[in-house]
1. Would you check which residues across the stretch 14-29 are in contact with a helix residue (DSSP H, G or I) (Cβ under 6 Å, 6 or more places away or on another chain) and within 12 Å of Ile96 (Cβ to Cβ) and list them?
2. Starting from residues that are within 24 Å of Arg78 (Cβ to Cβ) and in contact with a Phe, Trp or Tyr (Cβ under 6 Å, 6 or more places away or on another chain), keep the ones in the stretch 14-48 and report whichever is surrounded by the fewest Cβ atoms within 10 Å (Cβ to Cβ).
Amino acid sequence: MRPKDLVAAWVEAFNRGDAEALAAFYAEDAVNHQVAEAPVVGREAIRGMFAAGFAAATMVCIPENLFEDGDWAILEWRDPLGLRGCGFFHVLGGRIVFQRGYWDKLTFLRQQGLPLPSA
């Protein structure tokens with residue numbers, strides 16, 4: 001599967017809130033680094049990250065642009081509340097081996113009515 005096609009399928013699983021399907025897209029030792037958080041290492045930990053996220057918040061990914069360059073897919077997205085972000089996915093052997101995402105955590109927490117970090 002080409003990186004762009006894999007990320008398109010990833011978006012579908014994300015929008016279903018399907019942590020198991022999302023985890024299956026990752027290599028066993030993959031790294032998911034959302035820059036607002038510490039990196040998450042390993043497929044099982046990534047599954048847990050998604051499961052916890054879906055339990056805490058309503059998350060929807062609306063792709064605005066999806067690009068491919070070699071082994072990389074680049075996703076620019078928004079959600080229905082106006083949050084915007086982008087993700088970079090390194091895909092090798094049909095699995096995500098590294099993902100980095102950029103988005104505004106403070107805006108996300110406020111939009112979702114979640115607790116803000118203490119100063």
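1. The answer is Leu22, Ala23, Phe25, Tyr26, Glu28.
2. Looking at residues that are within 24 Å of Arg78 (Cβ to Cβ) and in contact with a Phe, Trp or Tyr (Cβ under 6 Å, 6 or more places away or on another chain), I get Val35.
We did not get these values from a lab; they are worked out from the coordinates using the rules stated. Quantities reported herein were computed from a predicted structural model and do not represent experimental measurements. In this analysis, Cβ positions are derived from the backbone assuming ideal geometry, glycine residues included, and neighbour counts consider all displayed protein chains.
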